[in-house]
1. How many residues are closer than 20 Å to Thr411 by Cβ and basic (Lys, Arg) if we restrict to the range 267-314?
2. Being over 18 Å from Leu271 (Cβ atoms) and out of contact with any His (no Cβ under 6 Å at 6 or more places or on another chain) is true for just one of Pro361, Pro307, Pro293. Which residue is that?
3. Among the residues of the range 128-137, are any in a strand (DSSP E or B), hydrophobic (A, V, I, L, M, F, W, C), free of Cβ contacts under 8 Å to residues at least 60 places away in the same chain and farther than 20 Å from Gly23 by Cα?
4. Counting only residues that are of a type in the set (A, V, I, L, M, F, W, C) and modelled with pLDDT of 95 or more, how many does the range 309-321 have?
5. Going residue by residue through the range 334-356, is there one that turns out to be loosely packed, with under 10 Cβ neighbours inside 10 Å and of a type in the set (Lys, Arg)?
6. Going through the range 1-22 one residue at a time, which ones are crowded, with 16+ Cβ neighbours inside 10 Å and charged (D, E, K, R)?
7. Does Glu111 meet the test of being surrounded by fewer than 19 Cβ atoms within 10 Å (Cβ to Cβ), closer than 14 Å to Gly158 by Cα and out of contact with any Cys (no Cβ under 9 Å at 6 or more places or on another chain)?
8. Report yes if some residue within the range 408-423 is more than 21 Å from Thr88 (Cβ to Cβ) and surrounded by 22 or more Cβ atoms within 10 Å (Cβ to Cβ); otherwise report no.
Amino acid sequence: MKSVALQNTQHIYDLVELCAQKGVRKAVVCPGSRCAPLLIGFGKHPIIKTVSMTDERSAGYVGLGLAQQSGEPVALVCTSGTAAQNFTPAVTEAFYQNVPLIVLTADRPPEWIDQWDGQTIHQKHLYEPHVKGSFVFEEETWNVAEEALELALCGAPGPVHLNIPIREPFYPDGLDDVKFATETRRTQSINNGDIIKEKNWEELQTELNNAGNVLILSGQSEPNAELVGLLNQIDIPIVGDIISNLHGVDNVIKNADLVFKTDGNNLQPNLMITFGRSVISKNLKLYFRKYKPKTHWHIGLGIAGDPFQSLTKTVRVDPEYFFGEWLKREITFSNQNGYHSILAEVQTKVDSVLKSKLNEPDFNYFSAVWKVMEAMPENGVLHLGNSMPVRIANIIGLKTPNVNVWSNRGTSGIDGTVSTAVGHALADPKRTHTLIVGDLAF
């Protein structure tokens, strides 16, 4: 017969097993008493590696970096009370960067809330609206665990929150008493994803035939060699910030802050196709808010932002699927009116001026960042702090095609930069990770 402690906590050990079955291979765990069953479960699980951290605020960002670099969901574990609140900045960043964090917060039983009991606060819905879902996980609500983990991974990934009230006693008599279910209570689901209907391709072909000037613009995106390969086969001007990770695209317009620092409308597109998330370049945003494209399609899952207030259509598929189908269908267009050449010419002039300025003998912020970026090793990882570092790096641009660039631009906060980079390095320690930080970012 199971002890009372195991009766109170077996569903938690089963949750750990479910996390493993859903692809969790790392858990960032923070100390505490109420979260002991979670710490024991993740610590004992044979295929999940734990990273122990004392400070929850840093731990959240380390988990963010681990998930970004590994491409796998990562569990965050903490005890009850304000410990859970300290995950908030990292969870919010994960929400806006589509990073699947499985946030598991231990809690007191609900009858002890507002009763002056230690480390007891209102934890339900703590991270809303910056999570894909909030759930209370108890023995009798097991199905929410399956729902939460599916939600974190389906469509555009993102963080989910499972708040877990834990009743005493919860310490087992011995660690050998802790067992994982050989078969968790799972339901099978099938997600075929969205596909683009034939009429949408016909509409795109019509738009292209009538457009004249066409531009592809990428916001922040994860490194994606497949997407870079597809874009290299499409003869349309492509603009990408340094955090778009498109420096492997031939002739990409990479210095948007300097290219679009103009009052003329000759760079205005008739049709703009965007993907990714936020863009860094202020001059680019100001330009397209003044000279809006007549038609603007955004490609991608998750939030479809409209930073230029010009969006006319959202196509909810992955960009690599969209551009892959584009090439398969041999989508064609003409009548660019020299638009590609105009942009290329401006980029060439910017390259010349920028090279001259950076080679001046004076040592300053720009030359320091440039020298670090020039020295980046092949297959390196570049992390950029917010405020000035990421902006300076974006103005300079990156030439090395296989350097991956990361920055916490979901919310653009100055906090968590170092911890996120640490998470990346823990996930992929064989690569060289370079962090440029300063101007109060930490």
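The values are calculated or read from the model by the stated rules, or taken from the named source; none is laboratory data. None of the values given here were measured: they were computed from a predicted structure. Quick reminder, even Gly has a Cβ in these numbers, built from the backbone with ideal geometry, and neighbours come from all protein chains shown.
1. Residues that pass the stated criteria total 3.
2. Going through Pro361, Pro307, Pro293 in turn, just one is over 18 Å from Leu271 (Cβ atoms) and out of contact with any His (no Cβ under 6 Å at 6 or more places or on another chain): Pro361.
3. Yes, because at least one residue in the range 128-137 is in a strand (DSSP E or B), hydrophobic (A, V, I, L, M, F, W, C), free of Cβ contacts under 8 Å to residues at least 60 places away in the same chain and farther than 20 Å from Gly23 by Cα.
4. Going residue by residue through the range 309-321, those that are of a type in the set (A, V, I, L, M, F, W, C) are 311, 315, 317.
Now restrict to residues that are modelled with pLDDT of 95 or more: 311.
Of the residues in that region, 1 qualify.
5. For the range 334-356, residues loosely packed, with under 10 Cβ neighbours inside 10 Å and of a type in the set (Lys, Arg): absent.
6. Asp14, Glu17, Lys22
7. For Glu111, the condition - surrounded by fewer than 19 Cβ atoms within 10 Å (Cβ to Cβ), closer than 14 Å to Gly158 by Cα and out of contact with any Cys (no Cβ under 9 Å at 6 or more places or on another chain) - is not met.
8. no
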